[in-house]
Every structure is written in structure tokens, then in C-alpha cells.
1. Report, ordered by the first and then the second residue, all pairs with beta carbons closer than 9 Å, sequence separation of six or more or different chains, a first member in the stretch A:23-50 that is without any contact (Cβ under 8 Å) to a residue 12 or more places away in the chain, and a second member that is polar (S, T, N, Q).
2. Taking the stretch A:104-136, which residues are outside any strand (DSSP E or B), farther than 20 Å from B:LEU31 by Cα and among the aliphatic types (A, V, I, L, M)?
3. Does the stretch A:48-63 contain any residue that is in a helix (DSSP H, G or I) and within 11 Å of chain B (Cβ to nearest Cβ)?
4. Determine whether the stretch A:143-150 contains at least one residue that is buried (at least 24 other Cβ atoms within 10 Å of the Cβ) and either in contact with a Gly (Cβ under 7 Å, 6 or more places away or on another chain) or within 12 Å of chain B (Cβ to nearest Cβ) (or both).
5. Failed condition for A:CYS12, given (1) surrounded by fewer than 13 Cβ atoms within 10 Å (Cβ to Cβ); (2) at pLDDT 90 or above, with all others met?
6. Residues that are part of a loop (DSSP other than H, G, I, E, B) and closer than 20 Å to B:ALA88 by Cβ: does the stretch A:137-159 have at least one?
7. If you take the residues of the stretch A:73-112 that are of a type in the set (Ser, Thr, Tyr), crowded, with 18+ Cβ neighbours inside 10 Å and within 22 Å of A:ASP149 (Cβ to Cβ), which of them is farthest from the other protein chains (Cβ to nearest Cβ)?
8. Based on what the data block shows, is A:ALA139 surrounded by 15 or more Cβ atoms within 10 Å (Cβ to Cβ), in contact with a helix residue (DSSP H, G or I) (Cβ under 6 Å, 6 or more places away or on another chain) and within 10 Å of chain B (Cβ to nearest Cβ)?
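The values are calculated or read from the model by the stated rules, or taken from the named source; none is laboratory data. Fair warning: this is a prediction, and the values are worked out from it, not measured in the lab. Cβ placement follows ideal geometry from the backbone for every residue including glycine, while neighbour counts extend to all protein chains displayed.
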Amino acid sequence: MVHAISLAGVLCVLWLLLSGHFHEPLLLGPGVASVAAVVFIARRMDVVDREGHPIHLTWRALPYWPWLLWEIVKANIDVARVLVRRRMPTDISVINVKATQKSDVGQVVYANSITLTPGTVTIALDDNILTIHALTTSAAEGLNTGEMDRRVTAVEGSS
Amino acid sequence: MMALLVDVISWACIVVGAVFAVIGAVGILRLPDVFSRMHGAGIIDTLGAGLILVGLMFQAGFSLITVKLILIVVFVLYTSPTTTHALARAALNGGVNPLIERKEAGGDEPSEA
């Protein structure tokens, strides 16, 4: 129920921001109706739960985002530097990394964070072993330190 | 004066973003196989599109348009790794094996997926 209310709130805010109609009852009515319809359908599809709408991650994810964005910027510069060389100094490897997150959502956050960072792409996720395609040695080594894994586990928390 | 400063920042973001997009495109053309080409696409998804959108936010100022641009950035950041993963998975299932230039010294051999 908490998740349904939160989803309705998020959808209302999204509707208002995207439409820009703040005080026109003629338009707000159908807006509310469409939000209600979406929440109803989502509940019938059984996707409004801890996994489909993980509000318990919100607060702990806030410090993670800026850190991830900075990592993405650094990795972008590294990979761009490799790509503009005349002989590209690539060193392609495929490595396995263990994900220490307990929930599926946590592992997906970790896998997607790795893919989002240029130079590393998650090509498979089985049980809690991630198979990662790395473009350079430094990208693979950056992953082997496990710092990102630790931070994602911290986002997931003990809940 | 302020407007000029905002314009300069905005154009710096857009130009740098465009440069990253071109580098990513060149990477897609130059890299050897399907999986490594995804790294080039990753640059376009993140800093290429991201910086261009940030530059446009400076042009839009504090308005609903900026909110929409932020939403675009968020949706791109959520969907692009998902599509990349789907592509990689499809390639693996289709029998494409990644080209490997170096065997991991300490790590274990990746299991055949």
C-alpha cells in the first residue's frame, strides 16, 4: 500500500512537471484519473512492490549518485584517451566479479553501474557472479578493487 | 555580463559533449568486435548526451524545460545500461564470443555463458 501511494505521488508530480498546467481543473481532472488508472493497472500487474518501486533505497542512494557520476566522468576521459590514439592501446579481457548484494535490485544496480561506466560492460549476471567485458587493464583493475561493490552494498543496506 | 557567462558555460558543455559523441562514434567504427564497440557507445550515452543536455539546461534557465531535460538525463542513465546489457546478452546467446587480448592472470577463467 505504501508503495502504491508513493507511486501515485511520483506520477502526480511527473504529470504536473511535464504538462505545466498547475491550476486548470479541466485538465487536472483527467490527469488525476490517468494517474489512478496507471496505479490500478500497475497493482493488478503486481509490479508495485519493494522490487518494482524500491523507495527504501532512496535516501541511501543520494550519496551514491554523485560518486557514480564522478566515476563515469573519469572513466569517460580514460576511454576517450584510448580511442583517439593512432594505435589503440586496448587490452580486452573478460573477468568474473562477485556481487555481494543480497537482493536482486542491489545486483541490478551494481551491474548497471558497471555498464554505465565506460570501459566496462556487464555481459552476464548469473546467481551473484557478474561477467564483465573490460576494454583496458586499468578498467578491469578499477573493478577488482571492489569499491563500487562496497558502495552499492551500502546503498542496499541491511534491510 | 551574466548572460554572457551563462552562454559561455552552456556552449562549453555543448561543444565538449559533441566532441565526446564524435570520439564515441569513432570508437564504434575502430574497435574490433561487438562487445568492445559497446564501450564506444557507452561514451556517447553518458558524457556525450549528458554534457549536451547540461549545456541545453543552461540555455533554458530555471524553467519547466530544465526539469524536462533533467528527466531526460535520468531516463537515459537508467535505460542505456539496460539496453547495452540486453544487446550483450543477445550477442552471447547468439554464439558471439568476445575477442580476448589478454588472459586474466589471477582471475578465474570466465565460464562459457
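1. Between residues of the stretch A:23-50 that are without any contact (Cβ under 8 Å) to a residue 12 or more places away in the chain and residues that are polar (S, T, N, Q), the close pairs are A:LEU27/A:SER19.
2. Applying the first criterion (outside any strand (DSSP E or B)) to the stretch A:104-136 yields A:104-119, A:127-128, A:135-136.
Then keep just the ones that are farther than 20 Å from B:LEU31 by Cα; that gives A:104-113, A:127-128.
Once the filter is applied, which keeps residues that are outside any strand (DSSP E or B), farther than 20 Å from B:LEU31 by Cα and among the aliphatic types (A, V, I, L, M), the stretch A:104-136 yields A:VAL105, A:VAL108, A:VAL109, A:ALA111.
3. We begin by selecting, within the stretch A:48-63, every residue in a helix (DSSP H, G or I); these are A:55-61.
The next check asks that each one be within 11 Å of chain B (Cβ to nearest Cβ); those that pass are none.
Scanning the stretch A:48-63, I find no residue that is in a helix (DSSP H, G or I) and within 11 Å of chain B (Cβ to nearest Cβ), so the answer is no.
4. Let us first name the residues in the stretch A:143-150 that are buried (at least 24 other Cβ atoms within 10 Å of the Cβ), namely none.
No, because not a single residue in the stretch A:143-150 is buried (at least 24 other Cβ atoms within 10 Å of the Cβ) and either in contact with a Gly (Cβ under 7 Å, 6 or more places away or on another chain) or within 12 Å of chain B (Cβ to nearest Cβ) (or both).
5. Condition not satisfied by A:CYS12: (1).
6. So in the stretch A:137-159, the residues part of a loop (DSSP other than H, G, I, E, B) come out as A:145-146, A:157-159.
From what is left, the residues that are closer than 20 Å to B:ALA88 by Cβ are none.
For the stretch A:137-159, residues part of a loop (DSSP other than H, G, I, E, B) and closer than 20 Å to B:ALA88 by Cβ: absent.
7. Of the stretch A:73-112, the ones of a type in the set (Ser, Thr, Tyr) are A:90, A:93, A:100, A:103, A:110.
Remaining after also requiring crowded, with 18+ Cβ neighbours inside 10 Å: A:90, A:93, A:110.
With the extra rule that they be within 22 Å of A:ASP149 (Cβ to Cβ), the set shrinks to A:93, A:110.
Values: A:SER93: 5, A:TYR110: 11 Å.
It comes out as A:TYR110.
8. Working: surrounded by 15 or more Cβ atoms within 10 Å (Cβ to Cβ): yes; in contact with a helix residue (DSSP H, G or I) (Cβ under 6 Å, 6 or more places away or on another chain): no; within 10 Å of chain B (Cβ to nearest Cβ): yes.
Spelling it out, it is not the case that A:ALA139 is surrounded by 15 or more Cβ atoms within 10 Å (Cβ to Cβ), in contact with a helix residue (DSSP H, G or I) (Cβ under 6 Å, 6 or more places away or on another chain) and within 10 Å of chain B (Cβ to nearest Cβ).
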